[in-house]
């Protein structure tokens, strides 16, 4: 796949045009990908058992994000050879969001959030859900789905937004997601443990490199959990 | 932005000398059609311990999207015993490790490479290892920091209680570099556009950027020159700045706008930019610090800034 990029100004124009015309104007060579993405989205809604108008009610938004995210992530990786280099290229996500499937992003966020289409590179919805799945990946879809099912959009924000100055520690984040999933759902939500763990982690990594701890990331995350009073298995 | 204050001794230059630490120059290579080829490291600035460099493949084939990058690192610690005990950096029965902490900021990745470990009894200690970054991982640059760290904690004697004893703690940096894998990394963000009805030039400045994280590049800061403007030819952008007073005036004004915009954006963190504390290479903050500290621009007030930018170009072109 030869991934197209678009700069900020052009994507802004494209977004404005879409807002006026509501036409996706997907280029010919991207039509197959567009159809596949839309198809995955339809499957996602039917799996959850909702219509597009229900997406932003209750906790459906999160269900859409992670269930569609899992399908979308695998489609891009397995059939369109998405790489880390491509996945960290702002222009690629701007292009997908404003030129290929703007109608899909609109279904999730409406048109009042240009940040989710193009304006803030790290907030573009398709990018966010791709990275959410990548940073949570447990080796296969089934295991990843299992650890993500009880989360909310807050966990997406806390995880993906904390890129740090030097990028994501992928193995660490996958371990955090794994151990967090083992905590009691009601308790951890009440305590806002995820946010607290991520904040403490941001401070700790200034001095300690989690991968270099005796026992590696597993031990490091164990200690984070214990600090907040959670013994994981 | 603040300096990290360590509450335990870390490795300083005299410690490096006492321990006889010698690090070999990094060697890079890549695989292409089952053969291996070297990549040259051309240092742009810095010294042996800390430098910025660009990668040059004589075959002009290597590209981070399509080829891997093999990093070879080796070194010797002749007297490891000096690092242990009350005059060292860890307790007598701790284990030290050598590792690299790397990041490729533009691909949002951060990782580690572990080279090995040693304790008080092993001497001298050698390490030698190749590490392969698979293709399509690195983007922009590779930051590589070779460190000593506490691998296993010990049982400190009373006189060793001041030493670091938490595993994973970085106790010293042996070498630090940033290798640009995509281009030189030092291109100033100027672009030409073709937009009728718009001015001759303007600055795009991303007011949502974080100057301490976001890079000084077109995504966030850009000087646009408009080909569609009737005066565009007068800019003579193909000429040098010295031969084109109008172009020089545009660039000076644009830089003024950029520095003032950074100041407004940084707000209460502006002092961190002026002092240059722990600024990440390539960020908007670091570029601004460079203008102020290395080019001597006066940021005390707007008039002084404009004047000092003009004076800088007068003196240096």
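Hey, what's the Kirkwood Rh for chain B if you take every pair of different alpha carbons, in angstrom?
For chain B, the Kirkwood estimate is 22.7 Å.
Helix B:284-293 against the longest principal axis of chain B: what's the angle in degrees, Cα atoms only, rounded to the nearest 10?
Its long axis makes an angle of about 80 degrees.
Can you give the angle from 0 to 90° between the axis of helix A:170-181 and the longest principal axis of chain A, with both taken from C-alpha atoms, to the nearest 10?
Helix A:170-181 sits roughly 70 degrees off the main axis of chain A.
In square nanometres and to one decimal, what's the mean projected area of the convex hull around the Cα atoms of the protein assembly as shown?
29.7 nm²
Starting with the fewest neighbours, write out B:253, B:136, A:46 ranked by other beta-carbon atoms found within 10 Å of each beta-carbon.
In increasing order of surrounding Cβ atoms, one gets A:46, B:253, B:136.
Which whole-number value in Å³ per residue fits the convex hull of the alpha carbons of chain A?
It is 131 Å³ per residue.
Exposure proxy check: A:66, B:289, B:36, A:60 ranked by fewest other beta carbons within 10 Å?
In order of increasing Cβ crowding within 10 Å: B:36, A:60, B:289, A:66.
I need to check one value: relative contact order of chain A, counting alpha carbon pairs closer than 8 Å and at least 6 residues apart, in percent.
20 percent
Take every Cα pair under 8 Å in region B:13-180 that's 6+ residues apart, average their separations, divide by the length, and report that relative contact order as a whole percent.
RCO, region B:13-180: 26 percent.
Cα convex hull of region B:140-254: mean projected area in nm², to one decimal?
12.1 nm²
Roughly what % antiparallel, to the nearest 5, for the DSSP beta bridges in the protein assembly as shown?
Bridges in the protein assembly as shown are about 85 percent antiparallel.
If you average 1/r over all unlike Cα pairs in region B:1-157 and invert the result, what Kirkwood radius do you get in angstrom?
17.4 Å
Rounding to the nearest 10 and keeping the result within 0 to 90°, find how far the Cα-based axis of helix B:245-266 lies from the longest principal axis of chain B.
50 degrees
What order do you get for A:207, A:193 when you list them from fewest to most C-beta neighbours inside 10 Å?
Ranking A:207, A:193 by Cβ neighbours within 10 Å, fewest first, gives A:207, A:193.
First measure r as the distance between the Cβ atoms of residue A:184 and residue A:207, then evaluate 1/(1 + (r/R0)^6) with R0 = 30 Å and state the FRET efficiency to the nearest 0.05.
With a Förster radius of 30 Å, E is 0.50.
List the residues of region B:128-161 whose backbone N lies under 19 Å from a point placed 7 Å from the Cα of residue B:31 along the Cα-to-Cβ direction.
B:129-138
Compactness ratio of region B:190-316: Cα Rg over 2.2 N^0.38 Å, N = residue count?
Normalised by 2.2 N^0.38 Å, the Cα Rg of region B:190-316 equals 1.08.
I'd like the antiparallel share, as a percent to the nearest 5, of DSSP beta bridges with both residues in region B:190-316.
60 percent
On average, how many beta carbons from a partner chain sit within 10 Å of the beta carbon of a residue in A:84-92?
Partner Cβ neighbours, averaged per residue: 5.
What is the distance in Å between the Cα centres of region A:23-99 and region B:297-317?
Between the Cα centres of region A:23-99 and region B:297-317 lies a distance of 50 Å.
Between region A:154-233 and region B:1-66, what is the C-alpha centre distance in whole Å?
After rounding, the separation between the Cα centres reads 30 Å.
Alpha carbon centre of region B:232-283 versus region B:93-143: separation in Å?
Centre-to-centre distance over Cα atoms comes out at 37 Å.
At 222 nm, what helix-only mean residue ellipticity would chain B give, in deg cm²/dmol to the nearest 500, using -39500 (n - 2.57) for each DSSP H run of four or more?
Only helices count here, giving -6000 deg cm²/dmol.
Which percent of Cα-Cα pairs in region A:68-179 sits in each 5 Å bin, short to long?
2, 11, 22, 25, 21, 14, 4, 0
Each value in this text was obtained by applying a stated rule to the coordinates, not by laboratory testing. Since we're looking at a predicted model, the values are computed, not measured. Heads up, the Cβs are rebuilt from the backbone with ideal geometry, glycines too, and the neighbour counts pull from every protein chain shown.
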